[in-house]
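**Q** Below: one structure in structure tokens.
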Amino acid sequence: MHIDPVNILKDHDLKHTKQRVRVLEEIALDTVAISQPELEKKLGKEIDRVTLYRILNTYEDKGILHRIMDMNGTANYAICSSSCTEHHHHDEHVHFNCSNCQKIYCLDVKIPSIKMPPGFTASSINTTAYGICEKCSAGMKAD
Ligand SMILES: [Zn+2]
Ligand SMILES: [Zn+2]
Ligand SMILES: [Zn+2]
């Protein structure tokens with residue numbers, strides 16, 4: 001998937017600032033999600049923590065990024081599919097958290113629709129699978 005940060009900002013009516021572009025660039029580099037501490041480490045020299053936090057919140061709000069909590073309770077971020085809009089995320093796919101490399105993958109696997117009891121309205125459903133990812137399994141076999 002090719003990601004053009006400047007276009008994404010334009011599509012979501014966000015003013016493009018150097019810092020906003022940098023955050024998106026960094027997240028778009030890899031197909032796996034990136035954790036907030038990792039982002040802080042990579043962008044720490046250019047963007048302070050508070051600004052980074054604010055940018056991530058804006059992106060989540062606007063339907064640009066979705067947040068996935070890993071097994072340690074750390075927030076990870078991945079680029080949304082184009083069907084996400086402001087306040088309406090449609091990232092109903094399964095996430096995979098590898099217990100070996102700790103990476104979080106957005107899998108192209110749809111979460112089956114789950115029927116809620118009367119009176120309960122779910123705004124989002126998170127499904128995270130834990131185990132060993134493709135890359136780690138391959139590495140283990142090679143040894
Ligand atoms: Zn989304
Ligand atoms: Zn792995
Ligand atoms: Zn995802």
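**Q** Give me the pairs: first residue in the range 121-141 and away from ligand 1 (no atom under 16 Å from the Cβ), second residue of a type in the set (D, E, K, R), beta-carbon distance under 8 Å, and six or more apart or on different chains, which are they?
**A** Cys133/Lys103
**Q** Related question: Could you look through the range 91-143, keep only residues that are within 16 Å of ligand 2 (Cβ to nearest atom) and charged (D, E, K, R), and pick out the one that is surrounded by the fewest Cβ atoms within 10 Å (Cβ to Cβ)?
**A** Asp143
**Q** Continuing with this model, one more query. Please determine, by comparing only the residues of the range 78-102 that are under 23 Å from Pro5 (Cβ atoms) and away from ligand 3 (no atom under 11 Å from the Cβ), which one is modelled with the lowest pLDDT.
**A** Only one residue fits best here, namely Ser82.
**Q** Please go through the range 79-128 and give me each residue that is part of a strand (DSSP E or B), within 15 Å of the chain's Cα centre (by Cα) and aliphatic (A, V, I, L, M), ordered by number.
**A** Result: Ile79, Val94, Ile104, Leu107.
The rows are residues; the columns are (1) out of contact with any helix residue (DSSP H, G or I) (no Cβ under 9 Å at 6 or more places or on another chain); (2) in contact (Cβ under 8 Å) with a residue 40 or more places away in the chain; (3) not basic (Lys, Arg).
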site: Ala28; (1), (2), (3): no, yes, yes
site: Thr31; (1), (2), (3): yes, yes, yes
site: Lys42; (1), (2), (3): no, no, no
site: Arg49; (1), (2), (3): no, no, no
site: Leu56; (1), (2), (3): no, no, yes
site: Glu60; (1), (2), (3): yes, no, yes
site: Ile68; (1), (2), (3): yes, yes, yes
site: Thr85; (1), (2), (3): yes, no, yes
site: Glu92; (1), (2), (3): yes, no, yes
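**Q** Report the residue count in the range 74-91 for those that are more than 9 Å from ligand 1 (Cβ to nearest atom) and touching a strand residue (DSSP E or B) at 6+ places or on another chain (Cβ under 8 Å).
**A** Adding up the residues that qualify gives 4.
**Q** Return the residues of the range 65-77 that are under 14 Å from Ile27 (Cα atoms) and out of contact with any His (no Cβ under 6 Å at 6 or more places or on another chain); say none if nothing qualifies.
**A** Answer for the range 65-77, where residues must be under 14 Å from Ile27 (Cα atoms) and out of contact with any His (no Cβ under 6 Å at 6 or more places or on another chain): Leu65, Arg67, Ala75, Asn76, Tyr77.
The values are calculated or read from the model by the stated rules, or taken from the named source; none is laboratory data. Everything numeric here is computed off the predicted structure, so don't read it as measured data. Cβ: placed from backbone, ideal geometry, glycine included. Neighbour counts: every protein chain shown.
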